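The values are calculated or read from the model by the stated rules, or taken from the named source; none is laboratory data. Predicted, not measured: the structure shown is a model, and the values here were computed from it. Glycine also receives a Cβ, built like all others from the backbone with ideal geometry; neighbour counts cover every protein chain displayed. Surface areas here come from the heavy atoms of the whole protein model, side chains and all, with no ligands, DNA or RNA. Shrake-Rupley method; radii C 1.70, N 1.55, O 1.52, S 1.80 Å.
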Amino acid sequence: MDQIDYFNGVSNQDFIDYYKEDLYSRMEITLYTYPHEFIEEDPRPLEHLNRCEVILFEYLYSTYESANYERRLALHNQELELQDRSEQQKAAPIEIDPAPEETPEERTQRLALQQQQRNDIVDAKMNELGPLLDEVIDEYLEKVKLNFINL
């Protein structure tokens, strides 16, 4: 059985490169420490790191949706091709039973199930990328210039 490509051929390295582009867009970051905050031993530009992670997440979602569209389109084209073949083999018109109407509740359940599946797949991919992202972040933290300001 063929494995489903949920991300339209985009490799892990492509996702990492996409993340790096945003991450390395800021090479100097100012970190503020408020009067009643403790200074961390190993300060990190968490806001920037989180923003880059959100951008990667959005890219994962859009890539998933693009791949999903491509799969649906291929399936539809395959169905049309099979229908054309069967029409050529038979001279008599084919009567197709209409699909049963979907109730609003069924549609809501189907869409919720699809959304949950998408979230699970994207979360799994993000977990798969996690160790690779950690390496990229460590390299970045060695190169970025952090300015500290105590308020």
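Consider Tyr6 against the criteria (1) part of a loop (DSSP other than H, G, I, E, B); (2) free of Cβ contacts under 8 Å to residues at least 60 places away in the same chain; (3) of a type in the set (Ser, Thr, Tyr): it satisfies all of them except one. Which criterion is unmet?
The single condition Tyr6 does not satisfy is (2).
Mind checking which residues of region 115-151 are touching a strand residue (DSSP E or B) at 6+ places or on another chain (Cβ under 8 Å) and hydrophobic (A, V, I, L, M, F, W, C)?
Correct list: Val144, Leu146, Phe148, Ile149, Leu151.
Right, His48: without any contact (Cβ under 8 Å) to a residue 40 or more places away in the chain, open to solvent by less than 40 Å² (accessible area, probe 1.4 Å) and more than 15 Å from Gly130 (Cα to Cα) or not?
Yes.
Consider region 53-65. How many of its residues are open to solvent by 50 Å² or more (accessible area, probe 1.4 Å) and polar (S, T, N, Q)?
Total meeting the criteria: 1.
Identify the single condition in (1) farther than 17 Å from Ile137 by Cα; (2) loosely packed, with under 14 Cβ neighbours inside 10 Å; (3) in contact with a helix residue (DSSP H, G or I) (Cβ under 9 Å, 6 or more places away or on another chain) that Ser25 does not satisfy, given that it satisfies every other one.
Failing condition for Ser25: (1).
Which residues, counting only those in region 67-103, are modelled with pLDDT under 75 and among the aliphatic types (A, V, I, L, M)?
Leu82, Ala91, Ala92, Ile94, Ile96, Ala99, listed by residue number.
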